[in-house]
Structure formats: C-alpha cells, structure tokens
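> To start, I am sharing the structure in question, which I have written as structure tokens.
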C-alpha cells in the first residue's frame, strides 16, 4: 500500500502498471488476479479521451506486462482506454490530477509512449519543456565557481561515468585549480589505467596523479569471497 495522503497534495500523479493498481486500491477501487494475463504487445481503444492522450489515434499499440489488474474503479474515476482483456487500460480521477495506465508508456514497444509522457509533463504538470541538458551544465559550472572561489580542488577519478562527469564540470569551472587522482587498486580492466590517462590528458590540461595501490587493496581482499564484504573493504581502503 502507499500513503493515501499522496493523493491529497494536489500534485499530478501518473501511476504506471503497478502504480495504477496502488492508486486505485488506495482510492476505493479493486485489484484482482486476471485469468487473461497480458505480456507483450496489445491494442487499446479509447473509451473517453483526455488531454494526456493528445495526438493519439483511436486505436494504439501498447506494451502490457501484468498478471493482476484493476477489476473495479471507484466512482470518482473514469475509464479512458481498454484492451480486449483489460477494461481499465487507462483511467483518470474526475477531480484530482491523478492518472493511471496499466500499460507501459516508457518502453519502445509502446510507439507513442513518449508523446503520452510529454503530454503529462506539459499539459497536466504545466511544464514548458524549455529545459536542456546544457542548462544544467551551465548552472553546475557557475555553482562550482561560486563555491570554490580561488581554492584548489582534489577529485578522485576512476574513469567511470560519474567521476568523469564531475571532473569535466570541475575543469570547465576552475581549470588549473583542479587536481585529479586515479587510484589503481589492481581491479581495473586490462590497460584501463593507460586508457584513462590518455583520454583525460587529450581533453583536459590539468594535474592527474596515479596512485599505485594494487598490493594494498589485494591484501585486504585476500581470502574474502562474500561480495558485500569485498565492496565494504574496497570502499574502506579508498577512504583510508
């Protein structure tokens, strides 16, 4: 069960698959096992249109993946779409901005799922769609400059996505004030240290130091075969 207070906040809610079942159950509906389970492509038809389905055809292909489904909706809900075996493929609350979809709009097998999500974000939530990833980068760089000032920063660099993005943002924000440290713990892929050094040096002109710590890490892991304990020891060694 979910907290019923969630639906009293007045904020838009889109329940997808199990999320729809939770919303219906919390607000007076019923969820049951269905003898006609849906796993795969299905065709749905509109019962009652809404702006969330702006641009949709009367019949659309969607992707279903469920063994349970809503068998009864409360009086304050309206059915918007159905399939041959699912009478409540999509629903909406009559007074609150609460929507439910038994299918999955987020997967590529629902060809116009992206349009549905876009309609929810723009038409229901009231967003304008003007945000771009570049806006985030610019804001992050400006925030780093304000926070760091003229100080120096040390950044741990592994070559993975997370640390590489952080290092790139830091470099664009403070340039030569950045020093990166790559710890070779003996668990890197073959030639990974050299690949990281070459890639980073080709794009950023900043200090990059390598710490050879293979012996230390492998000694801490000797005789340990439990994965969680390995992770704990590796993390602890990095901190030390």
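The values are calculated or read from the model by the stated rules, or taken from the named source; none is laboratory data. All values derive from a computational prediction rather than experimental measurement. Note: ideal-geometry Cβ built from the backbone for every residue, glycine included; neighbour counts use all protein chains shown.
> Assigned by TED's automatic domain parsing to the domain that holds residue 11 and either in contact with a strand residue (DSSP E or B) (Cβ under 8 Å, 6 or more places away or on another chain) or not in a helix (DSSP H, G or I) (or both): does that describe residue 120?
So residue 120 passes the test.
> Next question, about the same structure. Among residues belonging to the range 104-116 that are in a loop (DSSP other than H, G, I, E, B) and touching a residue at least 60 places away in the same chain (Cβ under 8 Å), point out the one that is nearest to residue 49 (Cα to Cα).
So the residue we want is 105.
> What pairs come out if I take residues in the range 52-68 that are not assigned by TED's automatic domain parsing to the domain that holds residue 89 and pair them with residues that are at pLDDT 90 or above and in a loop (DSSP other than H, G, I, E, B) whose C-beta lies under 8 Å away, six or more apart or interchain?
The qualifying pairs do not exist here.
> Filter the range 45-74 for residues that are touching a strand residue (DSSP E or B) at 6+ places or on another chain (Cβ under 7 Å), within 16 Å of residue 31 (Cα to Cα) and not in a strand (DSSP E or B) and give the result.
The one that is touching a strand residue (DSSP E or B) at 6+ places or on another chain (Cβ under 7 Å), within 16 Å of residue 31 (Cα to Cα) and not in a strand (DSSP E or B): 73.
> Being more than 18 Å from residue 66 (Cα to Cα), in the same structural domain as residue 81 (by TED's automatic domain parsing) and surrounded by fewer than 16 Cβ atoms within 10 Å (Cβ to Cβ) is true for just one of 27, 9. Which residue is that?
Answer to the selection: 9.
> Name every residue in the range 75-103 that is in contact with a helix residue (DSSP H, G or I) (Cβ under 7 Å, 6 or more places away or on another chain) and either over 22 Å from residue 124 (Cβ atoms) or assigned to a loop (DSSP other than H, G, I, E, B) (or both), in order of residue number.
Passing the criteria: 96, 97, 102.
> Separate question: I'd like to check something: does the range 130-151 contain any residue that is part of a helix (DSSP H, G or I), modelled with pLDDT of 95 or more and loosely packed, with under 11 Cβ neighbours inside 10 Å?
yes
> From the residues in the range 1-36 that are within 25 Å of the chain's Cα centre (by Cα) and in a loop (DSSP other than H, G, I, E, B), which one is farthest from residue 122 (Cα to Cα)?
Only one residue fits best here, namely 1.
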